[in-house]
There are 2 protein chains.
Amino acid sequence: MDGDQFRTAAHAAIDDIISYFDNIPNQRVLPTIPPGYLRPQIPASPPQDPEPWSQIQADVDANIKPGLTQWQSPNFMAFFPATVSYPSILGEMYSAAFNAPAFNWLCSPACTELETVVMDWMAQALGLPDCFLSTSANRGGGVIQMSASDAVATVMIAARERHVQRQAKAEGLKEGTAEYEDRVMELRPRLVALSSTQTHSSTAKAALLAGTRYRSIDVRLENDMALTGAELRGKLEELERQGLTPYYITLCFGSTNSCAVDRFAEITAVLSEKPAWRAIWVHIDAAYAGSALIADEWQYLAREFAEGVDSFNMNMHKWLLVNFDASLLYVRNRHDLTDFLDITPAYLRNPFSESGQVIDYRNWSIPLGRRFRALKIWFVMRSYGLKGLKEYIRKGIALGDTFSGLVRSRADLFEIITKPAFGLTVFRVKAAASSLRGANGDGDGDGALPNGSTVAQVDEKADAVTKEVYELINSRGEIFITSTVMSGIYAIRVVSANERAEEKYVRRAFDIIVDTAEEVLRGAKN
Amino acid sequence: MDGDQFRTAAHAAIDDIISYFDNIPNQRVLPTIPPGYLRPQIPASPPQDPEPWSQIQADVDANIKPGLTQWQSPNFMAFFPATVSYPSILGEMYSAAFNAPAFNWLCSPACTELETVVMDWMAQALGLPDCFLSTSANRGGGVIQMSASDAVATVMIAARERHVQRQAKAEGLKEGTAEYEDRVMELRPRLVALSSTQTHSSTAKAALLAGTRYRSIDVRLENDMALTGAELRGKLEELERQGLTPYYITLCFGSTNSCAVDRFAEITAVLSEKPAWRAIWVHIDAAYAGSALIADEWQYLAREFAEGVDSFNMNMHKWLLVNFDASLLYVRNRHDLTDFLDITPAYLRNPFSESGQVIDYRNWSIPLGRRFRALKIWFVMRSYGLKGLKEYIRKGIALGDTFSGLVRSRADLFEIITKPAFGLTVFRVKAAASSLRGANGDGDGDGALPNGSTVAQVDEKADAVTKEVYELINSRGEIFITSTVMSGIYAIRVVSANERAEEKYVRRAFDIIVDTAEEVLRGAKN
């Protein structure tokens, strides 16, 4: 394919992409194809001869589009959003064209340097404390990772090494000796990584990858599933009694189930109580909800990271219009990564890296090579401007408030399980509606149970009804939602915060949920 | 940016990309900007208001292009190539548009299913044994990873868990119990990962990440730096004496320094000698040279992987025209990954994944989310056809032969250090040229030393001269090459296998090297 052929092909692809986006609201959000749909449509072996672009693009239409889940659909209310915007696509085009594995500065200086600049831009945009800027005196800084799971694995492994290597050095052992290696090996098996039960599974997976123990800490509905200082202290004391050594904790800024926000100030206060606890690496996982920090009214939360927090990550590829992958990881001290992840062989040595003047991001992450992901972030930030990004985030939060307000208005049918937050509402269908037609419920709209408790109680009948409603809705495919289980309660999660979200879709989704709940409850009654 | 604005912007970007590619041969291969060049050119803070695309694209010209290293330049002869082609860029455009985090099948079935299909296509194209096909009875299969370093880290961690968990189970312990966890923790510190000294640093880094010991095995110039069966046996016996447990080995199919190919058949024969050695996970790292398998004449090498090899990876993003990232990882038994990397919480459960009918690639890798990378591979394979890809790979190998022939023709000036392979020539400048003008050297063109040895000997003067030549060439910037140190010998690496490589550039590079060597040697003489 030469330049002219590429121009023709790319123009056709761009028209196709625009028409794909224009048609998203009319598409079914979940595809209807069965598992294994694709293989019979594609030749069993690769072609011997070149095929023209027109044939390839026709097959994208025929074979690929029917198998897509429409994450940009306004009817996509499952998981968390995964947004993309036109400027982000332009960023990917240039990133592919400027292809470089970028494992060090020299591999393409622009790739490294723009990453440092946009990470500092985003730190400012999110209102993060100055300690996370690349220009900070404490040598903080940010790096773009593929996903929050990479980010968590990276910092957990660095935390493991920081812990055992500091200990071995404190004992007077010398790095590179057999005694040092043995001692480090001896120390690792006592280590325990921590998080609340509400933390994304990537923390448990990171502990598996790091080869350390992992303990989750129970949290409670009455605290909206946020981890408290007292709960953490209880776990730390229990581990002390067991002779285990906590070395790392993930705190949630917007948990996956319910967007819970752990009590950062309480927790860092507890961790400051003992020297051993002060050595614990504190990571904030703000994968989804961190995007809300772009709006000034949420930045008070980020101010709590100024002390006692080692690292922070958020995914622009969830809620901030940059397509997957764009997970931003910030550390307070870059040496916490580079001292433990740097292995530089002869063939990667060069005067620039040796001088310490430049950043080699390969020592800030698990993979050595990396894409030029800073471009799409730069393009999106400039195309929207901070004003545009704030407006967009506030719209998503407001639509969530609209939806949770609707759910509250039908307290006869629904019960809210945790405090709605960041566009997400978690609720269940009541086992027996107060009135199948009425709209009052218990009147106060807080989803409280008749026994006066303001906290949802385990209720197997409600679980069964909620599950049936959930499965019926997804099988019909007009909207796509997810379910979860928290504190033994089966619940539905609805989040509508992607770029095409609008009030009419949120209201329609609510009507579908009401109708389906009434249908199921009527069926249960008959 | 709406659809019409995107069309206009994308057309401008495409024209810019085409003209960028057309001009690459006229560009300096290495940029001249100093470290830190970019920050003063960009505002210290992100803009409040949206900026038009025309301004952003102008800044790509002004700020980004001057900081690019031209990996697509025919004068780029450093590291290994990192190629991109127009069909691959089209793949990235669609991948961004069809954005989905794709952590399970339901997230976008096309994303998972096309990945399985193209991985099977590539297994066939590379002549891999059938055991690596997704349709194999042994439940093999392939997954796209970001880079070889991720692939190696993934399989090493899986190997660690396979080893200790099998052992704990063999001892009658039950998964999920405290005794099981304690035993697994107790076993890990004795584990040792292995590779030759010539293996890419990602193996040492993976051992650091996995938290296990790592030992490298010395190899010799007389074997062209290939690991032999006898050398491996020696190391395994030494580890036995030390009470350590080897659990994993990376074998090179094209080492980073010199494209050495370890002696697979000898090694798997040694590993079959003892039950404990048979349990070692064998991984083949073919990151660069694996692309040569697309040409039938190299496929005899892949047939050696039919027995005794657990996993294999190669990077299409090096030599096969797919832009970074596209690292293909194949395993003989997918359960070796999924049994040890799967952590499935409630919110990721769905009837399709539960049924076992579909692949959830998140359990085949470190990150949970993933991009739709199969598209660009599909586009490239179809646009070139196998014929086109074979022709392109053969051209790169032939150009390497031309270059190594030129080096041999000046045995008065140069000494070849290891057998040239896969387009790569590794050589040094002799400390004192036999004749600064002559072209005969010792006459047999094998770079042999005057003492009759056919293996290069350590020679500090040659090291100094070679280093000076290397540094002068890169500082002048007409071509970009890399250096390395092997068996104590400082050497220059030249590889010319990217898409724009041509004989005239290879000959010009050789002339530059000759001229610079003569200049340095003349200076040393004066």
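Residues of segment A:79-99 that are facing chain B (nearest Cβ under 7 Å), open to solvent by less than 10 Å² (accessible area, probe 1.4 Å) and not polar (S, T, N, Q): A:Ala82, A:Val84, A:Pro87, A:Ile89, A:Leu90, A:Glu92, A:Met93, A:Tyr94, A:Ala96, A:Ala97, A:Phe98.
Checked against (1) over 30 Å from A:Gln70 (Cα atoms); (2) aliphatic (A, V, I, L, M); (3) within 8 Å of another protein chain (Cβ to nearest Cβ), B:Ala110 passes all but a single condition, namely (1).
Residues in segment B:26-48 that are open to solvent by less than 60 Å² (accessible area, probe 1.4 Å) and either hydrophobic (A, V, I, L, M, F, W, C) or farther than 19 Å from B:Val60 by Cβ (or both): B:Val29, B:Leu30, B:Ile33, B:Pro35, B:Gly36, B:Leu38, B:Ile42, B:Ser45. For B:Gln357, the conditions (1) outside any loop (DSSP other than H, G, I, E, B); (2) at pLDDT below 80 all hold with the exception of (1). Restricted to helices (runs of 4 or more DSSP H) entirely inside segment A:153-269, those with at least 3 residues that are more than 23 Å from the chain's Cα centre (by Cα), within 9 Å of chain B (Cβ to nearest Cβ) and not polar (S, T, N, Q) are A:178-187.
Name the residues in segment A:295-313 that are crowded, with 24+ Cβ neighbours inside 10 Å and within 14 Å of chain B (Cβ to nearest Cβ), would you? Residue satisfying the conditions is A:Asn313 alone.
Of everything listed in (1) within 15 Å of B:Val465 (Cα to Cα); (2) under 27 Å from the mean Cα position of the chain (by Cα); (3) buried (at least 22 other Cβ atoms within 10 Å of the Cβ), the single unmet condition for B:Val485 is (3). Give me a count of the residues in segment A:79-89 that are out of contact with any Leu (no Cβ under 8 Å at 6 or more places or on another chain), in a loop (DSSP other than H, G, I, E, B) and of a type in the set (A, V, I, L, M). Total satisfying the criteria: 1.
None of B:Asp4, B:Asp16 is surrounded by 15 or more Cβ atoms within 10 Å (Cβ to Cβ), closer than 30 Å to A:Tyr384 by Cβ and more than 7 Å from chain A (Cβ to nearest Cβ) except B:Asp16. So for segment A:19-39 (the condition being over 33 Å from the mean Cα position of the chain (by Cα), modelled with pLDDT of 95 or more and not in a helix (DSSP H, G or I)), does at least one residue qualify? So far as segment A:19-39 goes, no, none of its residues is over 33 Å from the mean Cα position of the chain (by Cα), modelled with pLDDT of 95 or more and not in a helix (DSSP H, G or I).
When residues in segment B:296-339 are screened for being in contact (Cβ under 8 Å) with a residue 60 or more places away in the chain and either under 18 Å from B:Thr199 (Cβ atoms) or more than 18 Å from the chain's Cα centre (by Cα) (or both), 21 of them pass. Among the residues making up segment A:51-78, those that are touching a Lys or Arg at 6+ places or on another chain (Cβ under 8 Å), assigned to a loop (DSSP other than H, G, I, E, B) and within 8 Å of chain B (Cβ to nearest Cβ) are A:Glu51, A:Gln72. Take A:Ile42 and decide whether it is within 27 Å of the chain's Cα centre (by Cα), under 14 Å from B:Leu114 (Cα atoms), facing chain B (nearest Cβ under 7 Å) and at pLDDT 95 or above. So A:Ile42 fails the test. Looking only at segment B:492-516, filter to residues that are more than 18 Å from B:Pro420 (Cβ to Cβ) and in a helix (DSSP H, G or I); which one of those is most open to solvent (accessible area, probe 1.4 Å)? Across segment B:492-516, the extreme among qualifying residues is B:Lys504. Taking the conditions (1) within 14 Å of chain A (Cβ to nearest Cβ); (2) hydrophobic (A, V, I, L, M, F, W, C); (3) over 20 Å from the mean Cα position of the chain (by Cα); (4) open to solvent by 10 Å² or more (accessible area, probe 1.4 Å) in turn, B:Ala287 satisfies each one other than (3). Evaluation of B:Asp22 against the conditions (1) exposed (fewer than 13 other Cβ atoms within 10 Å of the Cβ); (2) more than 7 Å from every other protein chain (Cβ to nearest Cβ) shows that the sole unmet condition is (2). Residues that are modelled with pLDDT of 95 or more, in a loop (DSSP other than H, G, I, E, B) and not hydrophobic (A, V, I, L, M, F, W, C) are absent from segment B:395-405 altogether.
The set of residues from segment A:349-389 being over 21 Å from A:Thr154 (Cα atoms), in the same structural domain as A:Ala125 (by TED's automatic domain parsing) and of a type in the set (Phe, Trp, Tyr) comprises just one member, A:Phe352. Counting only residues that are polar (S, T, N, Q), in contact with a Leu (Cβ under 6 Å, 6 or more places away or on another chain) and surrounded by fewer than 18 Cβ atoms within 10 Å (Cβ to Cβ), segment A:155-197 holds 1 of them.
The values are calculated or read from the model by the stated rules, or taken from the named source; none is laboratory data. As the structure is a prediction and not an experimental result, all values here were calculated from the model. Cβ coordinates were reconstructed from backbone atoms using ideal geometry, including for glycine residues, and neighbour counts include every protein chain displayed. Ligands, DNA and RNA are stripped out before the accessible areas are found, and what is left, the full protein with its side chains, is counted by its heavy atoms. Shrake-Rupley method; radii C 1.70, N 1.55, O 1.52, S 1.80 Å.
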